[in-house]
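To start, the structure itself, in structure tokens.
We did not get these values from a lab; they are worked out from the coordinates using the rules stated. All values reported here derive from a predicted model rather than from experimental measurement. Glycine also receives a Cβ, built like all others from the backbone with ideal geometry; neighbour counts cover every protein chain displayed.
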Amino acid sequence: MSEYKGKVIVITGAANGIGKELASRFAAQGAKLSLADIDSENLAKLEKELKGKGVEVMVTVLDVSDYVAMVDFSKKTFAKYGSVDYLFNNAGVIAAGTIWEVPLSDWEWIFGVNVMGVVHGIKAFVPDMMKQDKESCVINTASLAGMVVGENLPVYVASKFAALSLTEVFDIQLQDANSKVRAYAICPGIVQTELKNCSRHRPANLANANDAYYKTADFKAKETTLQESFNSGITVEKAVDAVFEGIEKGTFYIMTHPEYNPLISLRVMGILKGSRPVKFQK
């Protein structure tokens, strides 16, 4: 019998990529699902697919940067299922650029999803998860970019360093509180997902398509590099294999690309030596 049978799984960013694969894997093992995404079309398709297989699932269209919406999502989830066993704060967005040129709207959009989306998930769900007085998990999607610097992605890198560090503090505070809730950080490298097309769901008030910077050669070169990088990524199936393995082993830092571990070591050594930052290289 699956250890996930009957467990309640909450996933944001569930309509595509890692979130969708997580949902499918848990569903196949008899879990109950509460899924959220801003992508209403693909979320509806996933819901139909899962319900066609007899999976118990509820879906909610929302933007994780909206705290009120996340609180409502939590209330509906607990009202339907009574408890939560696994919370995946997985929604994420990305954009390329040069730090002194990118519009401030890029910072607001990316930090709103990648950082505040995690914060909102924690605040909306964790107090009630702690009251359950049973073992449960919160898994936040950070990134390898939260450990080593990708020079073309200043806003994304900063957001993922923030997501990882807040997850570290979160885990320590859970331990200090003697909580049965445990935290994990997924730190994927490049994965073949729809993240490359995330701008299509960018809120209208933060979409400055006519900003002069987006027409420059600098932006176009960095954006092309970003888009092409996804072609070299691992499959989403392989990434999720690593996630399940990490959770089942109790590994806090869940790495999808262990071949880059030496780069992380070099970064730490550089910090201790006081060296200047170096470019991320494969």
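Ordering Leu50, Leu35, Leu43 from the fewest to the most neighbouring beta carbons within 10 Å gives Leu50, Leu43, Leu35. Pairs of alpha-carbon atoms within less than 8 angstrom and 6+ residues apart define the contacts here; what relative contact order does the chain have, in percent? Rounded, it is 18 percent for the chain. Excluding same-chain neighbours fewer than eight residues apart, the aspartates and glutamates reachable from Lys249 by a Cα-Cα span under 20 Å are Glu3, Glu21, Asp85, Glu135, Glu168, Asp171, Glu237, Asp241, Glu259.
Multiply the residue gap between Ser105 and Ala44 by 0.36 nm, knock off their C-alpha separation, and tell me the result in nm, one decimal place.
19.1 nm
Inter-label distance, Lys220 to Gln175: 5.1 nm, where each label sits 7 Å from its Cα along the C-beta direction.
Computing FRET efficiency as 1/(1 + (r/R0)^6) for Val61 and Val278, where r is the C-beta to C-beta distance and R0 is 45 Å, gives about 0.60.
Listed by Cβ neighbour count within 10 Å, with the fewest neighbours leading, Ile139, Ile11 appear as Ile139, Ile11. About the centre of its Cα atoms, segment 8-273 shows a dipole size close to 340 debye [charges on the beta carbon of Lys, Arg (+1) and Asp, Glu (-1) only; nearest 20 debye]. Model label points for Met130 and Gln227, set 7 angstrom from Cα along the Cα-to-Cβ axis, are 4.6 nm apart. In plain terms, the residue of Ile190, Ile264 with the fewest other Cβ atoms within 10 Å comes first and the most crowded comes last, giving Ile264, Ile190.
Within segment 1-133, the ratio Rg/Rh, alpha carbon atoms throughout and Rh by Kirkwood, equals 1.01. At q = 0.16 Å⁻¹ the log10 of I(q)/I(0) for segment 208-282 amounts to -0.89, computed by Debye summation with a single uniform scatterer per C-alpha, solvent ignored. Give Lys123/Lys220; Lys45/Lys215; Lys5/Lys238; Lys20/Lys215; Lys45/Lys180; Lys75/Lys160 a once-over and call out the pairs whose C-alpha atoms are over 29 Å from each other. Checking Cα-Cα distances, Lys123/Lys220; Lys45/Lys215; Lys20/Lys215; Lys45/Lys180 exceed 29 Å. Under 5 Å from the amide H of Ala31 lie the amide H atoms of Gly6, each residue being 5 or more positions distant or on a separate chain, with H modelled from the backbone and absent for Pro and chain starts. Report, in order of residue number, the helices in the chain meeting two criteria: a C-alpha extent of 27 Å or more along the helix axis, and a mean Kyte-Doolittle hydropathy of at least 0.5; treat each whole DSSP H run as one helix. Helices meeting the span and hydropathy rule in the chain are 154-176.
Here the 3J(HN,Hα) profile of segment 57-62, calculated from phi with Karplus coefficients 6.51, -1.76 and 1.60 at θ = phi - 60°, is 8, 10, 10, 9, 8, 7 Hz, Gly and Pro shown as x. Only helical runs count toward this figure. For the chain, summing -39,500 (n - 2.57) over DSSP H runs of n ≥ 4 and dividing by all residues gives -15000 deg cm²/dmol at 222 nm. Between Ala209 and Glu168, the contour length at 0.36 nm per residue exceeds the Cα-Cα span by 11.2 nm.
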